[in-house]
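Single-structure report; data block below.
The values are calculated or read from the model by the stated rules, or taken from the named source; none is laboratory data. Remember, it's a predicted structure, so these values are computed and weren't measured experimentally. With ideal geometry, Cβ positions are generated from the backbone for all residues, glycine too; neighbour counts draw on all protein chains shown. Ligands, DNA and RNA are excluded from the accessible area calculation, which covers all protein heavy atoms including side chains. Shrake-Rupley method; radii C 1.70, N 1.55, O 1.52, S 1.80 Å.
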Amino acid sequence: MILIKLGGSIITNKQKPLTPNISAINKIVTQLKKVREPIIIVHGGGSFGHYWSVRYDMHTKPAKYSKKGVAVVKNSMVELNKIILNSFLKHDLNPYCLPPTDFMFGDKPDLKKVKEIAKIAKDGLVPVSYGDVLWYGKNRFYILSGDSIIGILAKILKPRLAIFVLNVDGVYSDMKSKKLLYEIKGQTASISKVGRDVTGGMTRKIKEAMMMSKSGIDVFLVNGNKPERIVNAINGKNFEGTLFRR
């Protein structure tokens with residue numbers, strides 16, 4: 001089984017609020033049709049949820065955020081998720097929508113529900129979840145990023161590998177020269193202050209990739225503008241990007 005995180009930066013135009021990148025989404029989904037093993041998809045918020053969470057000053061730390069903000073963020077993520085689901089259907093894949101509230105209680109995963117996600121994938125559907133704002137209790141809410149969801153699922157489901165699909169080639173050792181790090185092992189990845197967004201940006205992705213790789217899961221960071229690299233990473237062919245391994 002394979003976990004795939006579709007970054008908000010590739011499935012939306014982050015420079016234009018509420019603007020999906022339909023072309024990129026369709027090209028990625030076309031490539032995913034070539035995958036011959038169960039996959040689970042998680043996507044980010046990009047210029048939908050991320051845009052509104054910044055506007056309403058909402059973060060990953062539980063707090064008493066604006067109720068209007070909570071409603072607007074959730075609504076925008078449902079809207080983006082619908083676009084993703086429609087692309088899967090259009091390309092004859094069978095998406096199974098899984099809001100994070102289906103398997104999270106507060107900030108804790110429901111072990112039984114998470115394990116059911118793997119069963120759904122093995123039954124031939126494609127579970128699709130996404131980053132969202134969740135109720136924490138006592139009038140508090142928090143942003144649960146798609147990157148965090150991937151980490152949670154990986155810890156419980158132990159997939160063969162995980163893939164972060166980005167709008168860049170991978171992790172750069174130097175942003176000016178764009179020198180790509182092709183492989184990062186063990187402790188060598190204290191690398192990155194590469195950039196942040198409200199859900200942790202590249203720093204969060206690297207943190208999650210490090211944690212997954214330490215548990216024995218190979219983690220690939222690939223450029224979604226060249227979606228054939230996703231399939232290459234899965235098949236072990238001519239991979240170009242950054243690989244985290246133990």
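Structure notes:
- Within the shell defined by Cβ-Cβ distances under 12 Å, the residues around Ile156 carry a net charge of +4, with Lys and Arg each +1 and Asp and Glu each -1.
- Counting every pair of alpha carbons in the chain, the share spaced more than 34 Å apart comes to 9 percent.
- Proximal charge balance of Ser215 [Cβ under 13 Å; K/R count +1, D/E count -1]: +4
- Cα gyration tensor shape of segment 1-45, rounded if a/c is under 1.5, else prolate or oblate by comparing a/b with b/c: oblate
- Solvent-accessible surface (1.4 angstrom probe) belonging to Val54, in square angstrom, nearest 10: 90 Å²
- Violating pairs (Cα-Cα greater than 22 angstrom) within the set Lys5/Lys214; Lys155/Lys178; Lys16/Lys207; Lys5/Lys74; Lys61/Lys138: Lys155/Lys178; Lys16/Lys207
- Sum of -39500 (n - 2.57) over DSSP H runs of 4+, divided by residues of the chain (222 nm, nearest 500): -11500 deg cm²/dmol
- Proximal charge balance of Val42 [Cβ under 10 Å; K/R count +1, D/E count -1]: 0
- Test item: Cα-centred dipole of the chain, Lys/Arg +1 and Asp/Glu -1 on Cβ, debye: 400 debye
- Whole-Hz ³J(HN,Hα) from phi, Karplus 6.51 cos²θ - 1.76 cosθ + 1.60, for segment 22-34, glycine and proline x: 4, 4, 5, 4, 5, 5, 5, 5, 4, 5, 5, 4, 7
- Packing-based ranking of 72-81, 40-49 yields 40-49, 72-81, ordered from highest to lowest mean Cβ neighbour count within 10 Å.
- Per residue, the accessible area of segment 62-162 comes to 49 Å² when a 1.4 Å probe rolls over the protein heavy atoms.
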